[in-house]
1. Considering (1) under 30 Å from A165 (Cβ atoms); (2) among the hydrophobic types (A, V, I, L, M, F, W, C); (3) in a strand (DSSP E or B), say which one L91 fails and leave the rest.
2. Exactly one of (1) among the charged types (D, E, K, R); (2) within 27 Å of the chain's Cα centre (by Cα); (3) at pLDDT 95 or above is unmet by D157. Its number?
3. Which numbered condition trips up S98, out of (1) surrounded by 15 or more Cβ atoms within 10 Å (Cβ to Cβ); (2) closer than 28 Å to N82 by Cα; (3) in contact with a Ser or Thr (Cβ under 8 Å, 6 or more places away or on another chain)?
4. For F143, are the conditions met, namely being touching a His at 6+ places or on another chain (Cβ under 7 Å) and assigned to a strand (DSSP E or B)?
5. Scan segment 68-88 residue by residue and report those that are within 20 Å of I112 (Cα to Cα) and open to solvent by 60 Å² or more (accessible area, probe 1.4 Å).
6. May I ask you to say which residue of G105, G184 is under 30 Å from K66 (Cα atoms) and surrounded by fewer than 16 Cβ atoms within 10 Å (Cβ to Cβ)?
7. What are the pairs with Cβ atoms under 6 angstrom where one residue, in segment 91-106, is free of Cβ contacts under 8 Å to residues at least 60 places away in the same chain and the other, located anywhere, is open to solvent by 60 Å² or more (accessible area, probe 1.4 Å) and not in a loop (DSSP other than H, G, I, E, B)? Sequence gap at least six, or different chains.
8. What is the number of the single condition among (1) under 29 Å from G149 (Cβ atoms); (2) in contact with a helix residue (DSSP H, G or I) (Cβ under 7 Å, 6 or more places away or on another chain); (3) of a type in the set (D, E, K, R) that K75 does not meet?
Amino acid sequence: TDPAERSELKQFLCMDKLKACCPEDHYGPNCDPCSVTGSNGKLCSGNGKCKGSGTRKGNGMCSCDKGYGGEACDKCGVGYYNSYQDDSKLLCSACHKSCLAHCTGSGPKGCIACNQGYEMHTEHGCQDIDECALSKPCAGNKFCVNTEGSFQCVRCDKACDGCHADGPDSCTECTEGWVRNKDGVCISADAAGRIFNISNTRYF
């Protein structure tokens, strides 16, 4: 069947006979036309869809696309800012991840307030807080690694009983069964014993 025939069949079965659907941009039990338009004359300002469009359900209000808000989807939603606008189009772009909810423009400088893990800097906007430098947030046999907006606790090397970074050369103390060699690296006591014996062997 060609598209025209399919359309007629849909009209007959779905709309007229079964009364299960409506034409596009119509909604509800009586197939009322969707009527919420923006100042540009487009339904939902071209940034959303009419709730229930093409069905016998919905209320005809706008369901805005991601990043848009307002009754007619003619504003930028929370976490987005107006990056371009003319008489027919509004473009909303996402705020920087360091921003808490609202922003006035791109990057950390556009933030009105900072997200958790960031602090406001007069010149540079929201900057990452180095939690590892500020406090010792990692308990047990773990060390702190600063990440953008947060931090991670990473398990110390098996040779360590406490550490400040990764590897057997970063131990605060060596764990039981391990000893520190002359380079400050924790090595197993067995390996240390073998090295000691070899270095003390005399060859004739």
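1. (1)
2. Status for D157: all satisfied but (2).
3. For S98, the exception is condition (3).
4. Working: touching a His at 6+ places or on another chain (Cβ under 7 Å): yes; assigned to a strand (DSSP E or B): yes.
Here the answer is yes, as F143 does meet what is asked.
5. Within segment 68-88, K75, V78, N82, Y84 meet the criteria.
6. On the way: G184 fails: under 30 Å from K66 (Cα atoms).
Only one candidate passes the filter, namely G105.
7. Short answer, once both residue conditions are applied: L91/Y84.
8. Every condition holds for K75 apart from (2).
The values are calculated or read from the model by the stated rules, or taken from the named source; none is laboratory data. Values in this document were obtained by computation on a predicted structure and should not be read as measured data. Counting neighbours? That spans all protein chains shown, and the Cβs are built from the backbone with ideal geometry, glycine included. Protein only, heavy atoms only, side chains kept; ligands, DNA and RNA dropped before computing areas. Shrake-Rupley method; radii C 1.70, N 1.55, O 1.52, S 1.80 Å.
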